[in-house]
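The values are calculated or read from the model by the stated rules, or taken from the named source; none is laboratory data. Keep in mind the model is a prediction, meaning the values are calculated, not measured. Cβ sites come from the backbone with ideal geometry, for glycine too, and all protein chains shown count toward neighbours.
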Amino acid sequence: MTEAVPTHHLLEIQNLTVRFGGLTAINELNLQIHEGEVFALVGPNGAGKTTVLNCISGLIKPAAGSIRFADQELLSLPAHRRATLGIGRTFQQLQLFGSMTVLDNLLTAQHTRLRAGILSGILPFGPGKREDAGARQHALETLKLLGLESYARRPAGSLPFGTQKLIGVARALVLHPRLVLLDEPAAGVPPQDVQELATRLRYWQKEVGTTLLLIEHNMRLVQAVSDRVCVLDYGKKLAEGDPATVLSDPAVLEAYLGRAASKKVQQEQLSQGGSYAEG
Ligand SMILES: Nc1ncnc2c1ncn2[C@@H]1O[C@H](COP(=O)(O)OP(=O)(O)OP(=O)(O)O)[C@@H](O)[C@H]1O
């Protein structure tokens, strides 16, 4: 029997193809994501970004290809097994319980870790209480690292939208996954709060080292947080590399803004909130 050769990539996507009826949404895509990096997947509306995320987390079954995470093939595993391997995710829409406190939102995200079960919630002592206290401490530390500790006892729904988006990220990070898929963390966040979001994500990544894969239309955030960027267009890789080079690539600007796009249009787009999204 030959020994498995360890990969240098945390996530390795090979020849991924996804079809919806007659539409090829992802066309033989290859991507490698290194452990500890922030990798941004960008591209015009309909390019296939969410489809890639859905294939990784198990919501979509591709027609062909392979997705390996930490040397394990993901495509043969159901979605819940992928989460237990250490893959977390946020969604574009907020998935917070608005009437619950921020702290309780993070505690519910951890409930699968609390092995003590229902009885522990009734008994005023025992292992359940210790685990509860541990989870609380863990949630508070996560909030602190993201600069959110002052909101811990506030109802999540009472906070500004930008703060709620960051709490959504905290919910994914509280489980300390190895890889977190961030689905448009800056969507709906006011331009003045995007820099704050970038600073918090960078700080977390520096302190904890979580690998982040984000899809995002907001180029300010992409430029501020990403180590590498991949541009998708019609389900194919158009460009890949460091953010400054990729985002100034004429082919990339063309894909976003059309062939007539001028430098002036590009600069106007960036100055109006830094988003290339069409919709
Ligand atoms: N469940 C589905 N059924 C049919 N077509 C789909 C489905 N999901 C996505 N598509 C199509 O696949 C293509 C890629 O969609 P996807 O949502 O992955 O793009 P995206 O890059 O995330 O776009 P956006 O930036 O607008 O969110 C689009 O043409 C879309 O209409």
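Table for the structure above
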| quantity | calculated |
| --- | --- |
| Some residue of segment 226-238 being more than 14 Å from the chain's Cα centre (by Cα) and assigned to a helix (DSSP H, G or I) | no |
| Subset of segment 21-71 that is within 18 Å of the chain's Cα centre (by Cα) and hydroxyl-bearing (S, T, Y) - its residue that is farthest from the ligand (Cβ to nearest atom) | S57 |
| One residue from H176, H138 being within 18 Å of R89 (Cβ to Cβ) and either modelled with pLDDT under 90 or surrounded by fewer than 18 Cβ atoms within 10 Å (Cβ to Cβ) (or both) | H176 |
| Answer from R171, R202 - the residue that is in a helix (DSSP H, G or I), among the basic types (K, R) and within 16 Å of V38 (Cβ to Cβ) | R202 |
| Within segment 72-82, tally of residues that are part of a helix (DSSP H, G or I) and either within 15 Å of the ligand (Cβ to nearest atom) or among the small types (G, A, S) (or both) | 1 |
| Subset of segment 214-251 [farther than 28 Å from T17 by Cβ and in contact with a Ser or Thr (Cβ under 6 Å, 6 or more places away or on another chain)] | N218 |
| Subset of segment 1-34 that is more than 18 Å from D227 (Cβ to Cβ) and among the charged types (D, E, K, R) - its residue that is modelled with the lowest pLDDT | E3 |
| Selection count where residues are within 17 Å of H34 (Cα to Cα) and away from the ligand (no atom under 16 Å from the Cβ), scope segment 220-239 | 4 |
